[in-house]
Amino acid sequence: MAQAKEKTTKKKFTAAQKKEILADFKLGWVSRHMSLIGRKEVLTGKAKFGIFGDGKEIPQIALAKQFQDGDFRSGYYRDQTIMLAIDHVTPQQLFAQLYAHADVEADPSSAGRQMNSHFASRLIDEEGNWVDQTKTKNTSSDISPTAGQMARLLGLAQASKVYRNEKALKGKEWKKFSNKGNEIAFGTIGDASTSEGIFWEAINAGGVLQIPMVVSVWDDGFGISVAKKYQTTKESISEVLSGFQRTEDKDGYEILTVKAWDYEALIDTYEKAAKIAREEHVPVLVHVQEVTQPQGHSTSGSHERYKDEERLKFEEEYCCLDRFRKWILDNKIATKKKLDELEQEAQDEVNEAKTAAWKAFMDPIKEEKAKVIELINKLKEESGVEKLGEYAKNLKNYPTAIRKDILSAARKSLVATAGKKSSARDELTEWVSKSREENAERYNSHLYSETPKSPLNVEEVKPEYEDKPKRVDGRMVIRENFDKLFEKHPNVLVFGEDSGKLGDVNKGLEGMQDKYGEIRVSDAGIREATILGQGIGMSIRGLRPIAEIQYLDYLLYCFQGISDDLATIRYRTKGGQAAPLIIRTRGHRLEGIWHSGSPMGMIINGARGVHLCVPRNLTEAAGFYNTLMQGDDPAIIVEPLNGYRLKENMPSNIGEFTTPLGKPEVVNEGTDITVVSYGSTFNIVESLIPQLEEVGISVELIDVRTLLPFDLDHVIGKSLRKTNRLLVVDEDVPGGASAYIMQKVLEEQDGYFNLDSEPKCLAAHDHRPAYASDGDYFSKPNAEDIFESIYGIMREADPENYPAIY
Ligand SMILES: Cc1ncc(C[n+]2csc(CCOP(=O)(O)OP(=O)(O)O)c2C)c(N)n1
Ligand SMILES: [Mg+2]
């Protein structure tokens, strides 16, 4: 443990400086009391869990002084003091989130959906329009996975660089996102979380990109109970990162270190950090050392269990607020009495905020409770069912009953009186149904866009063709379409491995960098997780990034961010933020274990909140880009890897036609069996149609086109009414996307009631696909497999007409 040196030099301060110092002192104590009282609220059962920022107050006050309108934060759950200092939250809102007050007004960060200290600005209005970000201090929405904020931080910072340097973005419409690229993205992270791979990936990428981010590491020596010696080589993140320090002739980082209890040094350090980042667009790392954690990690445990006596003593001696007090007294800025008064005022304010937040949280619930007790008692009278009295009494005697308790009592009362006729019962039934609706809005809404800009509202425009259309390689269709997109939307930019100079590995972007420049069409390092992060961050700042993941099999490297961050952003802010990022990738069959994957089930199950487009050819793919560009949701487009060199007709309305989301296409009408597929397997099924017709099987072939959303108008269910037979074909593992399709059709589309034969799925094998053509043939559904599956279903229904093959 480093020994802290005490500063004793006395200085003269102006009246204004003194005022600011005392305001900082009080703010520090408002934040500290928030932590102390907040913890008690959890321990007395009023809230479920609490995590606070005690010990980090003074560094955060210093950081906040540099936080200007237009700047962004990408941080984690220790940052309550920054948020208070930039007037982003009030103490009452902090308590509201602690209580899980499910109301945007009470908890603007998450409407009660997130644990406390997970912050977010409301960046979009109900119509889906971005607010003017240059007029506010902004924070991207926090997530709990440690270091998850680092990837997004890159994009938030990179946006400043794009706005400063891209000629296409000098127009008026972009002024609400940036003032000449002067915005800093402030990142914060705990010392232990720097052990995560994504931290290192993001740090390296930030150095390469040279973007205005200021990363603060709050080094309190622990990650829950695990001390630094198990986390960080040499137990010092600034020391091990020192090779990143920029030099006269080489770009890199500015790395600064400072002690968490040294008010003056902190102010100087952050002033310096911000100036470098803002003016020079150079990333800065501030290693804030000797940070304390007076109450331990969270309300889940006590730190005495893992901190030794020496550490506990250090934490007491180096509490940043105590040190700040001592410094104020030493410098005769205020008297002890004045400081005591300020502390008391801070405590009173926090207590008042607590009381107000609790009342605002409980009042509407109490009303609902009273209403339900009244209805249950009335129902007891009318039905004569005695046990209802008990339900009403139990509810009444439960002072902190919340909505689940109320609804539970109401529903149990309906079960106990099932079949009875009573007006009170009708009223209670109606109440339950209304309550369910309200709670669905509270807890289940805003997974996808609910604004007029939702991509689901984009009208379908079919591709048009000249009489004799040009036959071209599929990659030409997508390339011409990208050209139009860049031309039409100055905020579109694409980046990924080999996307720039080469124009992607399949040349779908050939020539685009020459035409649109290196800012809009760029190469990225091999680092999928942060390519994604660049995309998320930039899409939050009004750009329309297309993040390219070279092969679908490598999506796993960024799947954590897709699932935790991208897929949840709208949901976790209850519609307050959106990241309309398009992830471009290519997949399904090509060659071998890592270039033939089709893990659609994994994506579907891990990324609800992101649209999943699975086009069968490049024209369909191009249409998805055109649709999504008009919408405000994120999506993954899986281009078919084996389609780039197959011939397609070049549409004449390139850049204009759209492929709709959630609307399958009946590509071949038939009467005997419905075959549902997508992507590359779709093309195999289609190629079998003549062969199937030869044996007298009429196939209705449907391309689902998107797996998320899935067949919104129940096209497949309608087809089953005609054919009464179903085969789902894909190349995911068994039980993957094919099982998902089956569940949707059987449960949501009444498929069960329209089947005359056992419905079947034909998927790939459980293992990854083996290399080479035989490997493919024996790993994935092949033409014979598909033919025989269809034939088998027909034979089962009509053995005479379809004799045994084997
Ligand atoms: C990926 C992931 N693993 C584990 C956790 C559980 N967890 C929450 S906080 C934390 C420790 C973080 O320590 P540090 O980064 O030093 O931040 P501090 O809490 O000390 O400020 C852990 C392990 C998590 N949230 N995310
Ligand atoms: Mg820590």
Next on the checklist: Can you return the lysines within cross-link range of LYS172? Criterion is Cα-Cα under 19 Å, with same-chain partners fewer than 8 residues away left out.
Outcome noted: LYS135, LYS161, LYS180, LYS488
Next on the checklist: Suppose the chain between LEU414 and ASN605 were pulled fully straight at 0.36 nm per residue; how much longer would it get relative to their current alpha carbon spacing?
Outcome noted: 65.3 nm
Checklist entry - So what is the calculated 222 nm ellipticity per residue for the chain, using -39500 (n - 2.57) for each DSSP H run with n of 4 or more, over all residues, to the nearest 500 deg cm²/dmol? => result -13000 deg cm²/dmol
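Can you tell me which of 367-373, 92-98, 547-553, 654-660 comes out highest on packing, and rank the rest after it, using the mean Cβ neighbours within 10 Å?
Ranking, from highest mean packing down: 92-98, 547-553, 654-660, 367-373.
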Next on the checklist: Can you order the peptides 602-609, 240-247, 156-163, 566-573 by their average number of other Cβ atoms within 10 Å per residue, highest first?
Outcome noted: 156-163, 566-573, 602-609, 240-247
Item to check | the range 162-205 versus the range 80-122: alpha-carbon centroid distance in Å | outcome: 24
Checklist entry - Taking the Cα atoms of the chain, what is the range of coordinates along each of the three principal axes, in descending order and whole Å? => result 100, 86, 50
Next on the checklist: Compute, for the range 15-334, the length of the dipole vector about the Cα centre, with Cβ point charges of +1 (Lys, Arg) and -1 (Asp, Glu) only. Units Debye, rounded to 20.
Outcome noted: 440
Checklist entry - Using the Cα gyration tensor of the range 455-649, with a ≥ b ≥ c the square roots of its eigenvalues, what is the shape: rounded (a/c below 1.5), prolate (a/b larger than b/c) or oblate (neither)? => result rounded
Next on the checklist: Going by amide H atoms built from the backbone, whose H comes under 5 Å of the H on GLY500, apart from near neighbours?
Outcome noted: ASP523, ALA524
Checklist entry - What share of all Cα pairs of the range 52-143, in percent, falls into each consecutive 10 Å distance bin? => result 18, 50, 29, 3, 0
Checklist outcome for this item: Karplus ³J(HN,Hα) for the range 93-106 (6.51 cos²θ - 1.76 cosθ + 1.60, θ = phi - 60°; Hz, whole; x = Gly/Pro) runs 5, 4, 5, 4, 5, 4, 7, 6, 6, 7, 7, 4, 5, 6
Next on the checklist: Would the range 86-243 count as rounded, prolate or oblate if I go by the C-alpha gyration tensor, calling it rounded below 1.5 in a/c and otherwise prolate when a/b exceeds b/c, oblate otherwise?
Outcome noted: oblate
Checklist entry - Under a point spin-label approximation (7 Å from Cα along Cα-to-Cβ), what is the LYS19-GLU510 distance to one decimal in nm? => result 6.8
Checklist entry - Which of the lysines could a cross-linker span from LYS780 if the Cα-Cα distance has to be under 18 Å and same-chain partners fewer than 8 positions apart are dropped? => result LYS760
Item to check | Unit charges on C-beta of K, R, D, E only; dipole of the chain, Debye | outcome: 3160
Checklist outcome for this item: Interchain or sequence-distant (5+) residues whose placed amide H lies within less than 5 Å of the amide H of CYS761 are VAL728
Checklist entry - Which of the lysines could a cross-linker bridge to LYS337, judged by Cα under 16 Å and excluding same-chain residues fewer than eight apart? => result LYS18, LYS19, LYS26, LYS326
Item to check | FRET efficiency, 1/(1 + (r/R0)^6) with R0 41 Å, evaluated for ALA772 and GLN630 via beta carbons | outcome: 0.45
Checklist entry - Arranged from highest to lowest average of other beta-carbon atoms within 10 Å per residue, in what order do the peptides 676-686, 485-495, 403-413 appear? => result 676-686, 485-495, 403-413
Checklist outcome for this item: Place a point 7 Å from the Cα of TRP130 in the direction of its beta carbon; the residues of the range 67-108 whose amide N falls under 20 Å from it are 68-75
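Since every read-out is calculated from the coordinates, none of them should be taken as a lab result. If you're wondering where the values come from, they're calculated on a predicted model, not measured in any experiment. In this analysis, Cβ positions are derived from the backbone assuming ideal geometry, glycine residues included, and neighbour counts consider all displayed protein chains.
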